[in-house]
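Read-outs throughout are calculated quantities, based only on the coordinates presented, and are distinct from any laboratory measurement. Being a predicted model, the structure only gives us computed values, none of them experimental. Here the Cβ positions follow ideal geometry from the backbone for every residue, glycine too, while neighbour counts run over all protein chains shown.
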Amino acid sequence: MLSLLDVSRYDVFSAKGKRLGRVGDVLFAPGSTAVTGFVVLRPRLLFLIDRKDRYLALDRVEFSEDRQLVVADSKGAWDGAAARRLGFSWDDAVIWVGMPVISESRLKLGAVRDGLFDEKTGAICAIGLTSGLTADAAIGVRDLPASVVIGFDGEVVKVRDEALAYEPSGGAAAAAGRGAVVSQYFRKNTGRTCAAARAD
């Protein structure tokens, strides 16, 4: 499994080793709970001129052990060609990180701070919520398995009411000395498979 936030820092390379840019955002397919691709921020032309971001499909890339994303198959990998092949517009893809999260009964649970996904299928394995740095430090953070995640409904990420049973963990003691809260669940599960996480 890979972390949404971690992948957002990966450099992007061609199969021949040319640096193409870096991942700016991870995108979810509209109406699904699966990662479908990435916004790729390209290097400035002659170090001066900004260039338009590009969209890259997940199913055309491989993840290296040194935290790089490699375009293994460039055919239908980028922009409009990828969108036509995948059957949706990139304008409809969704960035989950930062999205508000509510339960079926309309209770606000916070916002998506991170998520774990399967690098092969894009399937979300878990999401982590934040209520803001102050609240996270005081009462902890809440991590939810994929089984309670319904998906983006056009405005928010919706979860089943069962999510309310997952109490925040960590809090002041766990956050002491750290600028940002990173949950035990996410540290433990990064690199495992979705199936292994669900079996816990």
Loop only per DSSP, at most 15 neighbouring Cβ atoms within 10 Å: give me the trypsin sites (Lys or Arg not before Pro) in the stretch 23-98, ordered by residue number. 44, 51, 52, 67, 75
How compact is the stretch 36-134 by the rule of thumb for globular proteins, expressed as Cα Rg over 2.2 N^0.38 Å? 1.30
If amide hydrogens are placed 1.01 Å from N in the peptide plane, which non-local residues have theirs closer than 5 Å to the one on residue 24? 39, 40, 41
Let me understand the stretch 2-92 better: what is its radius of gyration from the alpha carbons, and its Dmax, in angstrom? 12.7, 39
Need the full-extension length gain, residue 156 to residue 89, defined as separation in residues times 0.36 nm minus the C-alpha distance. One decimal, nm. 22.2 nm
